[in-house]
Structure formats: structure tokens, C-alpha cells
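Everything on this sheet refers to the single structure shown next.
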Amino acid sequence: GLMTAAALIGGLLVFLHRQRVDIQKEQIIALAFLSLLITPFLLPKMHERYFYPADVAAIILAFYNPRFFYVPIIMVLVSFFSYFPFLFRQQLIDLPTLALVLLALITHLLLNWKMLLNQKRSGRSLAR
């Protein structure tokens, strides 16, 4: 648990360091959100409440970069369905399924992060 989380987060930092890319504001916000999402996802004994900062960062990310409009929607839905059993004494979606949704979101964002870095390296503009 703890060693896996440290290795993956460390690997992400090494990857970013080796890219030798000037990181722009958009990438800093995306990286902050990824850090806030990946850390409680990987660490053992983390509960729903540890994703509060990731929920807020997802909203900031979507306002700063509207092409990520779906990220806060997914985060809020996952949070809502994870709190649902405690609020309403019913479980509509089981927690392993919600964890898979978060894993899919993390994977998608990591692949998108790599695409952003590659676009910047090749000289193409990230601006629309």
C-alpha cells in the first residue's frame, strides 16, 4: 500500500523531471488535481472524506480549462454515491465499482497529461 503509492507518485515526479518541459499554469493545476486524486486513492485506509480536496480541485480544473468539464461531474457523482449508504441507508453502487470509475478517471488524466507534454515538446501550441 504505502510503498506502492510512494513508488507511483515518485515515478510520476521522475517522469515529469525527465521531460524537461516548461510547465504552464494549466499543467500545474492538472498536476495538483492528479496529486490530490492519486494520493488518497493509492494509500491504505483512506476514506471518502480524504477526497474532499480532489473534489474542489476538480472544479478549479474545469473552470480553468473547460475541456475538463466532465472531471468534476464524475468526482461529484463518485463522492455522492460513496456517501449514499451513510446518508440514506441504501447502497446504489458498490464501492469497488466506484473505485474502478476513479481508476478509469486517473488513467484517462494521466494519458491526457502525457499528450499535453508531447504537444508542448513538439512545438505545437496548447492554446485553442
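The values are calculated or read from the model by the stated rules, or taken from the named source; none is laboratory data. No experiment lies behind these values; they were computed from the predicted model shown. With ideal geometry, Cβ positions are generated from the backbone for all residues, glycine too; neighbour counts draw on all protein chains shown. Ligands, DNA and RNA are stripped out before the accessible areas are found, and what is left, the full protein with its side chains, is counted by its heavy atoms. Shrake-Rupley method; radii C 1.70, N 1.55, O 1.52, S 1.80 Å.
Here are some residues: I93, I59. Which one is of a type in the set (A, V, I, L, M, F, W, C) and in a helix (DSSP H, G or I)?
Among I93, I59, only I59 is of a type in the set (A, V, I, L, M, F, W, C) and in a helix (DSSP H, G or I).
Filter the stretch 16-44 down to the residues that are in contact (Cβ under 8 Å) with a residue 40 or more places away in the chain and open to solvent by 50 Å² or more (accessible area, probe 1.4 Å), then identify the one that is nearest to L105 (Cα to Cα).
Out of the qualifying residues, it is F41.
Just name the residue that is farthest from I38 (Cα to Cα) out of those in the stretch 76-110 that are β-branched (V, I, T) and out of contact with any helix residue (DSSP H, G or I) (no Cβ under 8 Å at 6 or more places or on another chain).
T97
Every residue, every condition in (1) among the small types (G, A, S); (2) at pLDDT 75 or above; (3) more than 22 Å from I60 (Cβ to Cβ), yes or no:
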{"site": "A5", "(1), (2), (3)": "yes, yes, yes"}
{"site": "L12", "(1), (2), (3)": "no, yes, no"}
{"site": "F15", "(1), (2), (3)": "no, yes, yes"}
{"site": "V21", "(1), (2), (3)": "no, no, no"}
{"site": "Q27", "(1), (2), (3)": "no, yes, no"}
{"site": "A30", "(1), (2), (3)": "yes, yes, no"}
{"site": "S35", "(1), (2), (3)": "yes, yes, no"}
{"site": "P40", "(1), (2), (3)": "no, yes, no"}
{"site": "P44", "(1), (2), (3)": "no, no, yes"}
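What number of residues in the stretch 63-79 are within 12 Å of the chain's Cα centre (by Cα) and either over 13 Å from L102 (Cα atoms) or small (G, A, S) (or both)?
1
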